[in-house]
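Each remark here refers to the structure printed beneath this line.
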Amino acid sequence: MAHYVVFFNQQWVGDHPDEWFRERGRLAKEVVDQMKAAGVLVFAGGLDEDVAGTAFSADPSGGEVRFRGGRYAETEEYLGGLTVIEVADEAAARMWAGRIAEACGWPQEARPIVPPP
């Protein structure tokens, strides 16, 4: 079995009315429930959109760990949410990534997670 992370950047979501988001939330919950039933879901969740107010970074490069509020790198795009799945192969990962993308209504990127040594 392999683990994959399926994720999106907040900027891929686009602007939509509240009603559209409510419907997408229902569809996304259905897919999460289906992943649970299939035994492939490890974790799924969206990230707090107030990035500046809730994010922090830990940087050990100066010899001791230093913490600071906010994202480590200031970039235009930032992570909006992620799902970790455990599946038999890439074909299964593609299927679930596609289902997530359809339910959410915006693109998703999927990458295999390197297993620990």
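The values are calculated or read from the model by the stated rules, or taken from the named source; none is laboratory data. For clarity, every value in this text was computed on a predicted model and none was experimentally measured. Note that we place each Cβ from the backbone using ideal geometry, even for glycine, and neighbour counts take in every protein chain shown. Surface accessibility is based on the protein's heavy atoms, side chains included, excluding ligands, DNA and RNA. Shrake-Rupley method; radii C 1.70, N 1.55, O 1.52, S 1.80 Å.
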State the number of residues belonging to the range 70-79 that are open to solvent by less than 60 Å² (accessible area, probe 1.4 Å) and either among the polar types (S, T, N, Q) or free of Cβ contacts under 8 Å to residues at least 60 places away in the same chain (or both). 3
For the structure I just gave you, tell me whether Glu64 is over 15 Å from the mean Cα position of the chain (by Cα), open to solvent by 80 Å² or more (accessible area, probe 1.4 Å) and touching a residue at least 24 places away in the same chain (Cβ under 8 Å). no
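Output the residues belonging to the range 55-94 that are of a type in the set (S, T, N, Q) and out of contact with any Gly (no Cβ under 9 Å at 6 or more places or on another chain).
Listed by number, the residues that qualify are Ser61, Thr75.
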Have a look at Pro107, Pro117, Pro17 and point out the one that is open to solvent by 70 Å² or more (accessible area, probe 1.4 Å), out of contact with any Gly (no Cβ under 7 Å at 6 or more places or on another chain) and in contact (Cβ under 8 Å) with a residue 12 or more places away in the chain. Pro107
Out of Gly53, Gly62, Gly70, report the one residue that is modelled with pLDDT under 95 and in contact with a helix residue (DSSP H, G or I) (Cβ under 7 Å, 6 or more places away or on another chain). Gly70
All but one of (1) farther than 16 Å from Ile100 by Cα; (2) assigned to a helix (DSSP H, G or I) hold for Arg68; state the number of the condition that does not hold. (2)
If a residue must be at positive phi and either aliphatic (A, V, I, L, M) or under 17 Å from the mean Cα position of the chain (by Cα) (or both), how many such residues does the range 7-44 contain? 1
Among the candidates Ala28, Ala44, Ala101, Ala97, single out the residue that is part of a strand (DSSP E or B) and open to solvent by less than 70 Å² (accessible area, probe 1.4 Å). Ala44
